[in-house]
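Data block below; observations after.
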Amino acid sequence: MWCVPAIDVLEGRGVRLLQGDYGRVTVYDEDPVARVRAFVEAGARRVHVVDLDAARGRGDNRGVIARMVRAAGEGVVVEVGGGVRTERDVEELLSVGAGALVVGTVLVRDPGRVERWVREYGRVFWAGIDARDGVVRVQGWEEEGGVEDVALAGRARDLGLCGVIYTNIARDGMLSGPDVEGAQRVGEAAGLPVVVSGGVGGVEDVRRVAAEGGRWVRGVILGKAVYEGRVDLPALFREFPQGDLVRLEGRMM
C-alpha cells in the first residue's frame with residue numbers, strides 16, 4: 001500500500017485548495033522544502049508535488065521544485081504534476097531529478113505527444129485523471145476536458161503510462177473519505193495501478209483503501225489530513241511499510 005504525502009506549491013508556498021478552488025487557499029508552508037525534509041524524516045519514500053501556478057498556465061515553481069527534489073535525496077521518488085505540457089517542461093523537470101511526471105491536460109488534448117514522450121523518455125509518466133461527476137477537468141481543474149474518466153484511463157493504458165493518479169474533485173480537501181469506488185472503475189478501465197487522491201481524512205480511510213481497493217487501487221495521496229494533524233506519518237509508514245513498492249518508473253538511457 002503506497003502512502004504518498006503531497007505538497008501543492010502556489011507562488012512558492014505550500015498550500016491546499018478546497019475542491020481545487022484557487023479562491024479558497026490555505027497556506028501551510030512558507031518553505032515547502034522544509035516540508036519535504038520532514039516527510040522524508042518521517043519515512044516517506046515517495047512525495048507528490050503539484051505546481052499549481054503551472055497547472056493554470058500562470059508561471060511556475062521550477063526553482064522551488066528543484067530544491068525540493070534535492071532535499072528529498074537519493075532513494076526518494078518525487079513525482080511532479082501541474083503544467084507538464086511541453087517537451088521543455090519534461091526535460092526541465094527530469095533534469096532536476098523528478099522521478100515521475102504526472103500528465104493531465106496534455107493527455108486529454110494531445111495524447112500523441114504523450115505517446116512520443118513515453119518512447120523517448122521511458123516509463124516516467126503517470127496519468128493524472130481529475131474528475132467531477134465522472135467527467136475529467138483540465139487546466140488546473142478550471143475547464144471541462146470533454147472526456148469521461150474511464151475513457152481517459154483506457155487511453156493511459158494504450159499509451160504505456162505507469163499508472164493513474166485519480167482524484168474525485170468533489171472530495172478534494174474535504175476530509176470526507178476517498179472515492180474508492182471511482183478509483184476501482186478507473187483501475188479496471190486502465191488495467192494499471194491507481195493511486196487515489198482527495199478526501200483522505202485519517203488512517204481509517206487508508207485502511208479502507210487497503211481493504212476495499214481490489215486489484216488495481218494500490219495507494220493513497222495524503223494532503224490536508226497530514227497538515228491538520230489527523231495522520232501520524234511515522235506510525236502510518238510502520239503500519240504500511242513502503243519498501244520498494246513505490247518505484248515503478250524506468251528512464252530511457
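A few comments on the model shown:
- Looking across the stretch 21-66, the residues that are in a helix (DSSP H, G or I), farther than 24 Å from Phe237 by Cα and either open to solvent by 50 Å² or more (accessible area, probe 1.4 Å) or basic (Lys, Arg) (or both) come down to Arg56, Arg62.
- The set of residues in the stretch 67-83 that are out of contact with any Asp or Glu (no Cβ under 8 Å at 6 or more places or on another chain), of a type in the set (Gly, Ala, Ser) and outside any loop (DSSP other than H, G, I, E, B) comprises Ala71, Ala72.
- Residues in the stretch 92-113 that are in contact with a strand residue (DSSP E or B) (Cβ under 6 Å, 6 or more places away or on another chain), part of a helix (DSSP H, G or I) and more than 27 Å from Val180 (Cα to Cα): 1 in all.
- Those residues of the stretch 83-117 which are buried (at least 20 other Cβ atoms within 10 Å of the Cβ) and in contact (Cβ under 8 Å) with a residue 60 or more places away in the chain, in sequence order: Gly99, Ala100, Val102
- Elements of type helices (runs of 4 or more DSSP H) contained in the stretch 144-253, each with 1 or more residues being open to solvent by 30 Å² or more (accessible area, probe 1.4 Å) and β-branched (Val, Ile, Thr): 149-159, 203-212
- Candidate set from the stretch 67-82 (those that are modelled with pLDDT of 95 or more and of a type outside the set (A, V, I, L, M)); member that is nearest to Val138 (Cα to Cα): Gly82
- Residue count, the stretch 118-158 (criterion: under 18 Å from Gly20 (Cβ atoms) and in contact (Cβ under 8 Å) with a residue 60 or more places away in the chain): 7
The values are calculated or read from the model by the stated rules, or taken from the named source; none is laboratory data. Because the structure is a prediction, the values reported are computed rather than measured. Note that each Cβ is placed from the backbone with ideal geometry, even for glycine, and that neighbours are counted across all protein chains shown. To get the accessible areas, we keep the full protein, side chains included, count just its heavy atoms, and leave off ligands, DNA and RNA. Shrake-Rupley method; radii C 1.70, N 1.55, O 1.52, S 1.80 Å.
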